[in-house]
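Read-outs throughout are calculated quantities, based only on the coordinates presented, and are distinct from any laboratory measurement. What you see is a predicted model, and the numbers here were worked out from it, not measured in a lab. Methodologically, a virtual Cβ is constructed for each residue, glycine included, from the backbone with ideal geometry; neighbour enumeration extends over all protein chains shown.
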Amino acid sequence: MESILTYEQVYQDYSRKVMGYIRPRINNPADAEDLHSAVFTKVYEKFSTFDQTKASISTWVYTIARNTLIDFFRTNKIHDELGEEDIVEEDAFQGIFNEETLDELAEALKKLPEREREIILLHYYYNKQLKEIALKLHMSYSNCKLVHNKALMKLRQYLS
């Protein structure tokens, strides 16, 4: 029997985890509280659109938290050096391999611009770190992270 997911249950299960994700990245505790509230406001507003066939609830909530934090940094012109683990959710990309055939993935990769495709292949196929890829491609590490994240978002769209 499939259990029905409620907003209250999601809040109870993920509230502390979201704060644990936000708080170390934000110096001002009041800003961290505001971001936490903003995340769960977005979760509440978009709850009816959540599709369990596309992502797990934890991935969905994490993505909203991550995007809210990035928006906060952009809005406040904070250029904190986020680590690779803050930008990229490896498990979400790994799930693409589990759900899609290699042929579909190859077709999606062909749709990416050359630089984005190269970054994805170097990182996932050749197991290169983004810092190493940035040096190889003569680009800044932060730009490499952004291009990588953009490429992952495009792949998700192509494969959905």
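Could you pull out the pairs from Lys17/Lys128; Lys54/Lys131; Lys42/Lys128; Lys110/Lys136 whose alpha carbons sit more than 27 Å apart here?
Lys17/Lys128; Lys54/Lys131; Lys42/Lys128
Sort 144-154, 114-124 for me by packing, meaning the mean count of neighbouring Cβ atoms within 10 Å per residue, highest on top.
Highest-to-lowest ranking by the protection proxy: 144-154, 114-124.
Which far-off residues, 5 or more places away or on another chain, put their amide H under 5 Å from the one on Lys128, with H placed in the peptide plane?
His123
With label points built 7 Å along Cα→Cβ from the Cα atoms of Leu5 and Arg156, find their separation and express it in nm.
Each label point is offset 7 Å from its Cα along the Cβ direction, giving 1.3 nm.
In sequence order, what are the phi-derived ³J(HN,Hα) couplings for segment 25-42 according to the Karplus relation 6.51 cos²θ - 1.76 cosθ + 1.60 with θ = phi - 60°, rounded to whole Hz, with x for glycine and proline?
Once rounded to whole Hz, the list reads 9, 10, 6, 8, x, 5, 5, 4, 4, 4, 5, 4, 4, 4, 4, 6, 5, 5.
Quickly work out the Thr53-to-Gln12 label distance, labels modelled 7 Å from Cα along the C-beta direction, and quote it in nm with one decimal.
Inter-label distance under the simple model: 2.9 nm.
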